[in-house]
């Protein structure tokens, strides 16, 4: 069982999702199945089959989340002294040298990654290119969209 790195915030979100799936979603699905069952013939009952499928998806996600939590290796960067190095959980402030755009990312695990929220998976092309680099470094990253050049302006452990 391979440990999966996760931030404190990411673990908390997974725990909240698990509570929601077990305590809210599961009873709703059970009620929908009971309601569909009361309509009679199950062979031709689309509501029943849809509710059973929803139950299957929900139970699968519950197992998945429980597995992630069991394998979680929680990394709290606020307890690590900041030496300017990009590590898992750090927030990286960059300047794109090609477009002059300033952007920042937090380096996170697979289940937390969300580019819209600037949460970058540590095994993504940019994540891999940044890990281990230091504040002030110039970084060239090969991405599916082509080569990108960045300067690391700052690294924060927040």
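Please treat every number below as a calculation from the coordinates, not as lab data. Since this is a predicted model, take the numbers as computed values, not measurements. Reconstructed Cβ throughout: ideal geometry from the backbone, glycine too, with neighbour counts over all protein chains shown.
Length gained on full extension, residue 38 to residue 137: 29.0 nm, using 0.36 nm per residue less the C-alpha separation. Between 0 and 90 degrees, the angle of helix 8-20 with respect to the longest Cα principal axis of the chain falls at about 10 degrees.
Shape verdict for region 4-75, please, from the Cα gyration tensor: rounded (a/c under 1.5), prolate (a/b greater than b/c) or oblate. Prolate, because a/c is 1.5 or more and a/b exceeds b/c. Relative to the longest principal axis of the Cα atoms of the chain, the long axis of helix 26-37 makes an angle of roughly 30 degrees. Taking Rg/Rh (Cα atoms, Kirkwood Rh) as the quantity of interest, determine which of (1) 1.18; (2) 0.93; (3) 1.05 was computed from the displayed structure. Read-out taken from this structure: (1).
Spin-label pair residue 81-residue 110: with each label point 7 Å from Cα along the Cα-Cβ axis, the two points sit 3.5 nm from one another. With Cα atoms defining each centre, region 83-158 and region 1-32 are spaced 28 Å apart in the structure.
Peptides 133-142, 82-91 ordered by packing proxy, namely the average of other Cβ atoms within 10 Å per residue, highest first: 82-91, 133-142. For a modelled paramagnetic label at residue 12, 7 Å from Cα along Cα-to-Cβ, the residues of region 112-140 in reach, with backbone nitrogen under 19 Å, are 112-114, 117-120.
For residue 26, project a label point 7 Å along Cα to C-beta. Then give me every residue of region 43-80 with its amide nitrogen under 19 Å of that point. Residues passing the 19 Å test: 51-71.
Looking at the chain, what % of its DSSP beta bridges pair antiparallel, to the nearest 5? Of the beta bridges lying entirely in the chain, close to 75 percent run antiparallel.
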